[in-house]
Amino acid sequence: MGTTTVDCCATQLIDGDGVFNVSGLDNFIKTSNMAACGLSYAVVAIMGPQSSGKSTLMNHLFNTSFREMDAFRGRSQTTKGIWMAKCTGIEPCTIAMDLEGTDGRERGEDDTAFEKQSALFALAVSDIVLINMWCHDIGREQAANKPLLKTVFQVMMRLFSPRKTTLLFVIRDKTKTPLENLEPILREDIQKIWDAVPKPQAHVHTPLSEFFNVEVTALSSYEDKEDKFKEEVAQLRQRFYHSIAPGGLAGDRRGVVPASAFSISAQHIWKVIRENKDLDLPAHKVMVATVRCEEIANEKLDLLRSDKGWLELEEAVQVGPVQGFGEALSSIIDTYFSLYDEETIFFDEAVRKAKRKQLESNALDIVHPAYTTMIGLLRSKALDDFKAKLDQSLNNGEGFASSVQTLTHSILLGFDKGSADASVRQANWGASKLRDKLRRDIDSHALFVRDAKLLEITTNFEKQLAKALAEPVESLFEAGGKDTWLSVRRLLKRETEAAVSEFLDRIAGFELDEETVEKMQQGLRDYARKLVENKAREEAGKVLIRMKDRFSTVFNHDNDSLPRVWTGNEDIRAITKDARSASLKLLSDMAAIRLDEKPDQIDRVLQLSLINKTSAATSTQYTDKEASVDPLASSTWEEVSPGDVLISPVQCKSLWRQFQGETEYTITQAIAAQEAYKRNNNWLPPAWTIVAMAIFGFNEFMMLLKNPLLILGLFVAYLLGKALWVQMDVAGEFRHGTLPGLLSISSKVFPTVMNLLKRLAEEAQGNPAPEATEQHRSDSQIFKSQVQTPDSVSSSISNSALSSVGSSNDDSEFSTTNLLQRQRTNVSEAES
C-alpha cells in the first residue's frame, strides 16, 4: 500500500459551503498524473442517503481512502461536500467522487439546494453514477432518492448537451429476496420518475435509455457478512476494468473533455450550477449564437494558424528582419476577418460583434509574437550596428563623445523606418517602448564602453605609476639617506604630475564634466600616494633586517667600502656608534609616513632616547620633567597623525632592544679579534720584566760567560727543545685546549726523542736516511709556518668576526646565551 498512498489520497473538491477547491484540484491532477491520460479516463460518482455506507463501499471497491463513519459514535454526517480520489489498480485511470449524503439532519429538511446541485454536478461530469440505496427502501415512495432523481432528470436535459450516463443502483444489505425479483421493481420506479419529468418538445417521447444506462447490483451486509461483502465487491470491481471501452460499463462519453482540461470543465460546470439556483437556462437564441459564433471564430483561427503565407512569414521572421512584414501580415488577417463577417451575418448582432472582437484579439495574439520578434530583431540589429560602428570610430581615433552623438541619431532614424514598415493595420501596436528601450540600450552601451575605456586608461596609468614608483621608493628606503622622505616626496610629485598631465590629454575626447575629471585625476594622485604608503608599510615590516644590514655594512667596512681587518688600532666604540646611528636613521625614516612635509621630532627623540641617553638627561633643551619621562613610552608620535604612524615609539624601543641584542655578538667578535691579534703579535715580555731580569740575573749571566761548556750545553738543550717543539707541533696541539694538548704531547715525547737520536746516529755515520732528509725539510717548513703563526691567527679571527656578523643578520632569533658561549670559546681559542 505504500506505493499507492499518493494515488488514493482523497482531496476535497467542493466544501460544504459550495466553495470550489481550485488549487486542490490542480494539485490532485498534477500529483496523480491525470493530465497525461488524455481521453483515457473515467469518472465514477456515488450518491445516496447519509450514513448508508457510500465511503465504505468506495474504499473497498477502488482502494481509496475516503473518511468512513465511526459506528461507535452514532450515525452522523461523515462526508461534507464532494471528495475525489484516484482509484488504484484499475485501467484506465479512474477517478472516484464521494458525494455528501442526502437527507442529513445537519442541513435540515428545507435546505436541499446543495444536495440537488451536488447531484447535478456528479451527473454532469461522471461517466458512471452509483446510487447507493437500502434494500428495504425499494418500492417506497419517499425512498431511494426519488425526489432528487426527479429534479436531476429534468435539468439534465436542459443544462447540458445530451450524454449517456450509466446509473448503477447498488442495493445494500440484500435480503433473501432474489435480485431478479427486486430489479424489475426498481426499474419500474425509475421509469415512472422519468415519465413524470416535464421534457422539452424535442424529447417528449425520448426514452430513458437515450440518456442513461441503468444497471442494478446487490451487496450483502458489510457488518453482518463482511467476507461475503468483500467477495461481492471484488466481483463488482471487475466490471470497472476497461470501463470506457466499447461495451464497457461507461456510457457513450459524448462531449468528454481531455483530462488536462478536466479542472476548467469542472469549474465551469459548478459555476453554472451555482449561479442558476432556480435552474433557468439562458435564452435559446443567445445560446445558439454564442456557441455557433464561437465555433466559427475558432474555425477561422485554426485556418489562420495553418495559413501557408502566415507560416512562411513566421518562419522567415525567425531568421531575420522581413521587408514588407506589416503589409503582408495585415492582408492575411483581413482575409479571415471578412470570412467571419460573411458567415455570422444572420446571428444575434451583440453576440456576433462580441465574438468578432474576441476573434480579433485572439488573431492578434497569434501574430503578436512574430511582430514582437520582428521589432526585436530591428532593435537588436540597430544596437549591433551601433556597437560595431562605435568600435570602428574609436579605432580610427575619433572622439568618443562626438561619435556617440552622431551614431545615436542615425541608428534611431533607421529603427523608426523599420518599425513603420513592420506595423499591422488591425493593431494599435506602437514601437515607442522598444524605441525607448533601444535608446536606453544605446546609452547603456555607450556608458559601458566609456567606463571600460576610462578604466583601461586609468589602469594603464596606475601600472605606469607603480613601475615608476615601486622600485625607486624601495631603493630610497633601503639606502636611508640624509633626506629620505624629501627624496620620496620629490619623486612622488614628479611622477604623479607627469602621469596626470598625460592622463588629461588621453581623456579629453570623452568630454567629461569638470567634476568627473577632477575626481579621476584626484583618484590617480590618491593611488600614487597609496602606493608609496603601502611600500612604506611593507618596508617598515622589514626595518629590523635593514637595520642589521646597515650596521653590518658600516661596522665591517671602512670609508672606502673595504672589509675591516681588526689589527688593534681601530676605535671599536666610535665605529659601533657610527653603525648604530646609521641603523637608527633607518628606524627613524620608517617610523612614520612623511608625505605632507610636516615637521616632527622623531629622529631627535630616537637619538636622545636610544643613542645619547646620558647627554639627554643633562641637556638644557629638556626640562627635569621631560628628563624623568620616557618619550618612547607612547603609542603615537607627537605632531604625527595616527594614520601615518608606521612604527610606534613603543615598537621602536622594542625593535632597538632586539637590534642591540642581535648585533652585540658582532661587536664582541671584533673585540675578541683585536685582543687575539695583540697577543699573537706581542712575543716579548713587558719592559720592566726585561730590566728586572737584567738586574737580578747579572751574576748568572757572568757565570755563563766564565763557563763555555755550560753555554754549549744550554745551546744544545735549546736546539733539542726547539727540535722537539717543531717535531711535535706543540702550538698546534694546544689549539684544542690545554688538557688535550698535554695528553697528546705526553704520548709523543718518547717516540720523538728516539727518532731524533736515531737520526743523529745516522748523521754521525755519514749515511743520512732519505726519510730523515724529507723529515728535516718538513720540520723546516713547520718551523717557518710557526714564525708566521701570529698573522694567520689574526686573519682567522678577523674572518670569524665577519662571518659571525653575517650569520647574525640572517638569523634574527639568535639566542643571547648561545652568543655568550661562542664568545668565550672564540676568546679561548685566540688566547691559545
> Whose amide H sits under 5 Å from the amide H of ALA218, counting only residues 5 or more places off or on another chain, with H placed in the peptide plane?
Replying inline: ILE171
>> Let me check something: with ligands and nucleic acids excluded, how do CYS135, CYS9 order by accessible area (1.4 Å probe), largest to smallest?
In response: CYS9, CYS135
> So how far, in whole Å, is the C-alpha centre of the range 633-703 from the one of the range 535-605?
Replying inline: 19 Å
> Which net charge results when you count Lys and Arg as +1 and Asp and Glu as -1 among the other residues whose beta-carbon is under 12 Å from that of HIS205?
Replying inline: -1
>> Given a 1.4 angstrom probe, what's the average accessible area per residue across the range 380-469, in square angstrom?
In response: 58 Å²
> So which of LYS381/LYS453; LYS493/LYS598; LYS80/LYS199; LYS389/LYS453 end up more than 27 Å apart by C-alpha?
Replying inline: LYS80/LYS199
> So which of LYS585/LYS653; LYS150/LYS192; LYS271/LYS357 end up more than 18 Å apart by C-alpha?
Replying inline: LYS271/LYS357
> So what are the ³J(HN,Hα) numbers for the range 515-521, from phi and the Karplus equation (6.51, -1.76, 1.60; θ = phi - 60°), rounded to whole Hz, Gly and Pro as x?
Replying inline: 4, 5, 4, 4, 5, 5, 6
> How much solvent-accessible surface does HIS368 expose, in Å² to the nearest 10, with a 1.4 Å probe and all protein chains in place?
Replying inline: 70 Å²
>> At a 10 angstrom cut-off on C-beta neighbours, averaged per residue, how do the peptides 46-57, 695-706 rank from highest to lowest?
In response: 46-57, 695-706
>> Explain nothing, just compute: Karplus ³J(HN,Hα) = 6.51 cos²θ - 1.76 cosθ + 1.60, θ = phi - 60°, for every residue of the range 749-756 in order, whole Hz, x for Gly and Pro.
In response: 5, 5, x, 5, 4, 5, 5, 5
> Taking the highest mean first, how do the peptides 324-331, 228-235 order by number of other beta carbon atoms within 10 angstrom per residue?
Replying inline: 324-331, 228-235
> Counting only protein chains, not ligands or nucleic acids, how are TYR336, TYR241 ordered by accessible area (probe 1.4 Å), most first?
Replying inline: TYR241, TYR336
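The values are calculated or read from the model by the stated rules, or taken from the named source; none is laboratory data. Note that this is a predicted model, so its numbers are computed, not measured. FYI the Cβ positions are ideal-geometry reconstructions off the backbone, even for glycines, and counts take in every protein chain you see. To get the accessible areas, we keep the full protein, side chains included, count just its heavy atoms, and leave off ligands, DNA and RNA. Shrake-Rupley method; radii C 1.70, N 1.55, O 1.52, S 1.80 Å.
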